[in-house]
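> Sharing a structure below in C-alpha cells format, with a few things to ask.
The values are calculated or read from the model by the stated rules, or taken from the named source; none is laboratory data. Everything quoted here is computed from the prediction, not taken from an experiment. So basically every Cβ, Gly included, is an ideal-geometry build from the backbone, and we count neighbours across all protein chains shown.
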Amino acid sequence: MVGERIPAGEDERTDAVLLTAVADGDRSAFHELFRRHEPWLSARLTYRCPDPAIVDQAIDDTFLSVWRRPRGWRGEGEVAAWLWGIAIRSLLHELRPRRNVVERLSGLRTREPDSPEELVLARLEHSSIGVALESLSPELLAVVQATVLDGLSTREAAALLGIPSGTVKSRMSRARTQLRGALL
C-alpha cells in the first residue's frame, strides 16, 4: 500500500505500529504518519477539488481526526485505506455547505493534467460518458468514483462512503442503468 513504503534510514515502524504509538500520545509517530500519507492524500483530494484551501482544510481535518481517535482504525485493512476514508469524508464535508461549488471549482482548474491517468480522465470529462456521469446524482456518482475510478471493492467503497455494501451494489446498479440510458 502507498503508506507502507519506508525509505532506508527512515522510521521503519509500520503504519499500524505508528497508530498504536499515536494512541499513546507519541507526537513523532503522528508526524511520521503525516509525512508518509499527506502527499498522496493531498494529490488524490486535489483531483476531486482543485481549490487548495479546501484540500488543505480537508487534510487538516483528516489528521486532526487521526490524532483525536487513532483507535478508530480497528486493525482491518490498510491504514492508508482508513486514512483515505477520513480524507474523502472531510473533503465532502467541506464541499457540502457550498452552493454552485461545481461551477466555482470548474473555473479554478487551469493547469494541464500531469499524469496519464489525469489525461485520460480529462478527456473522459468532456466526452459523452463525462456528460452522462455529470447527470448522475451525487450519491450515485460517489459510488461510481469509488468503485470504478478508485478501483475499490464493494466493501471498501462501503467503508469509504459510510454506507452498507448492499447500498453500494444497488446504487451501482442504478448508476449503470442511468448511464446505459444516457449513452444510447
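> Given the condition modelled with pLDDT under 90, of a type outside the set (Phe, Trp, Tyr), assigned to a helix (DSSP H, G or I) and not assigned by TED's automatic domain parsing to the domain that holds residue 134, answer yes or no: does some residue in region 10-31 qualify?
no
Let's see how each residue does on (1) over 20 Å from the mean Cα position of the chain (by Cα); (2) in the same structural domain as residue 47 (by TED's automatic domain parsing); (3) in a helix (DSSP H, G or I):
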{"position": "133", "(1), (2), (3)": "no, no, yes"}
{"position": "141", "(1), (2), (3)": "no, no, yes"}
{"position": "145", "(1), (2), (3)": "no, no, yes"}
{"position": "151", "(1), (2), (3)": "no, no, no"}
{"position": "166", "(1), (2), (3)": "yes, no, yes"}
{"position": "171", "(1), (2), (3)": "no, no, yes"}
{"position": "179", "(1), (2), (3)": "yes, no, yes"}
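> Within region 129-184, how many residues turn out to be of a type in the set (D, E, K, R), exposed (fewer than 14 other Cβ atoms within 10 Å of the Cβ) and at pLDDT below 85?
Result for region 129-184: 1.
> When the residues of region 73-104 are filtered to those that are acidic (Asp, Glu) and surrounded by fewer than 17 Cβ atoms within 10 Å (Cβ to Cβ), which remaining residue is modelled with the highest pLDDT? Let's see the steps before the verdict.
Narrowing region 73-104 to residues acidic (Asp, Glu): 76, 78, 94, 103.
Still in the list and also surrounded by fewer than 17 Cβ atoms within 10 Å (Cβ to Cβ): 76, 78, 103.
On the way: 76: 81, 78: 88, 103: 60.
Going through the qualifying residues, I end up with 78.
> Sort out which residues of region 48-81 are within 18 Å of residue 155 (Cα to Cα) and either among the small types (Gly, Ala, Ser) or free of Cβ contacts under 8 Å to residues at least 40 places away in the same chain (or both), and write them in order of number.
We begin by selecting, within region 48-81, every residue within 18 Å of residue 155 (Cα to Cα); these are 72-81.
Once the filter is applied, which keeps residues that are within 18 Å of residue 155 (Cα to Cα) and either among the small types (Gly, Ala, Ser) or free of Cβ contacts under 8 Å to residues at least 40 places away in the same chain (or both), region 48-81 yields 72, 74, 75, 76, 77, 80, 81.
> Would you mind stating whether residue 56 is out of contact with any His (no Cβ under 7 Å at 6 or more places or on another chain), within 30 Å of residue 134 (Cα to Cα) and not small (Gly, Ala, Ser)?
So residue 56 passes the test.
> Same structure again: Anything in region 32-82 that is within 14 Å of residue 19 (Cβ to Cβ) and of a type in the set (Gly, Ala, Ser)? List them, or say none.
Of everything in region 32-82, those that are within 14 Å of residue 19 (Cβ to Cβ) and of a type in the set (Gly, Ala, Ser) turn out to be 65, 72, 75, 77, 80, 81.
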